Amino acid sequence: MTDTLTIAGKSFDSRLLVGTGKYRDFEQTREAIEASGARIVTVAIRRTNIGQQAGEPNLLDYLPPDRYTLLPNTAGCYSADEAVRTLRLARELLDDHRLVKLEVLGDPHTLFPNMPETLAAARTLVAEGFEVMVYCTDDPVQARMLEDIGCVAVMPLASLIGSGMGILNPWNLRLIIEQAKVPVLVDAGVGTASDATIAMELGCDGVLMNTAIAGAQDPVLMAQAMRLAVQSGRAAFRAGRMPPKHYSASPSSPTAGLIGKAA
Ligand SMILES: CC(=O)[C@@H](O)[C@H](O)COP(=O)(O)O
């Protein structure tokens, strides 16, 4: 049975989305992304050459657009204006490309989202016809506001970008997932495979990550691990876990009719 991720009417056969930063070079980027099985690959327009810098190595030569859906992002933007300008540039560079990742940062120490600026940018971008996947805090009220504006996916942080601290607030993620009518993807802070699995077991529609793969000792092997982790968590979510039994054991085999048991 197919179990695809659908965003803005398009279906993808992987629920793992990956970034392109922090790799040794574009060749390693290509190998790791190939191993991850990701179909959606996010690119920081202000940091990565996808044609803005003539004569420099171009990421698109390593990640062919017929194989991957590029998700231009606004990493490094600290205001709604900057983010909107960056994504307009991406739309020009990528031939009227609409699916984008919006992130507006609040401060360079935590890279936490600036939510008022994020909301303002989202309004403008949706009005201009962009399909906006949005990095946000794990606050259910803000997530609902972004959905009401028309964002096509909400992407609350697991923890700080690049920290690898894993999922800090599974309870808030659950609240966001329960109310959302658009896909919810955990974005940022995943450190290892079990974090990705937990996100999927919680009911997230997908996981977006960069540093956990690019910062691993062996990025290609970690990319494979993440691919399996996301698939595994998704399967466990769909299977429906057994009801937990707190503080009371239950034998794994039936106790009735035990051989040698007094009647
Ligand atoms: C690649 C990208 O978009 C990052 O801004 C994203 O938030 C990933 O964060 P991690 O590097 O913590 O996975």
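Quick notes
- Set of aspartates and glutamates near residue 101 by C-alpha distance (under 18 Å), chain-local residues within fewer than 8 positions excluded: 81, 82, 92, 117, 128, 131, 138, 147, 148, 187, 205
- Here segment 11-239 is assigned +1 on the Cβ of each Lys and Arg and -1 on the Cβ of each Asp and Glu. Its dipole about the Cα centre then comes out at about 280 debye.
- Under the criterion of Cα pairs below 8 Å and six or more residues apart, the relative contact order for the chain equals 18 percent.
- Computed over segment 135-260: relative contact order in percent, which uses C-alpha pairs under 8 Å that are six or more apart: 20
- Shape call, segment 201-263: gyration tensor on alpha carbons, a/c limit 1.5: prolate
- The H on the amide N of residue 17, modeled in the peptide plane, is under 5 Å from the matching H of 207, 208, 209, each at least 5 residues off or on a different chain.
- Since only 57, 8, 251 are under comparison, the one whose Cα sits farthest along the positive direction of the charge dipole of the chain, derived from C-beta charges on Lys, Arg, Asp and Glu, is 251.
- Based on the convex hull around the alpha carbon atoms, segment 1-138 presents an average projected area of 9.3 nm².
- Calculated from the alpha-carbon coordinates, the chain shows an Rg and a Dmax of 20.3, 86 Å respectively.
- Ordering of 240-251, 81-92, 50-61 by packing [mean C-beta count within 10 Å, highest first]: 81-92, 50-61, 240-251
- According to the Cα-based calculation, Rg over Rh for segment 3-71 is 0.98, with Rh computed by the Kirkwood formula.
- Computed about its Cα centre, the charge dipole of segment 4-103 is approximately 320 debye, with only Lys, Arg, Asp and Glu carrying charge at their Cβ.
- Apportionment of accessible area to carbon and sulfur, the chain, percent (1.4 Å): 53
- Cα-Cα P(r), segment 103-184, percent of pairs per 10 Å interval: 20, 51, 27, 2
- Near residue 136, the amide H atoms lying under 5 Å from its own belong to 155, 157; only residues 5 or more places off or on other chains count, and H is placed 1.01 Å from N.
- DSSP finds beta bridges in segment 11-239, and of those with both partners inside it, around 5 percent are antiparallel.
- Accessible area (Å², per residue) of the chain, counting only protein heavy atoms and a probe of 1.4 Å: 49
- For segment 41-102, dividing the convex hull volume of the Cα atoms by the residue count gives 77 Å³ per residue.
The values are calculated or read from the model by the stated rules, or taken from the named source; none is laboratory data. What you see is a predicted model; the values in this text were computed from it and never measured. Here Cβ is always computed from backbone atoms with ideal geometry, including for glycine, and neighbour counts include all displayed protein chains. With ligands, DNA and RNA removed, areas are computed over all heavy atoms of the protein, side chains included. Shrake-Rupley method; radii C 1.70, N 1.55, O 1.52, S 1.80 Å.
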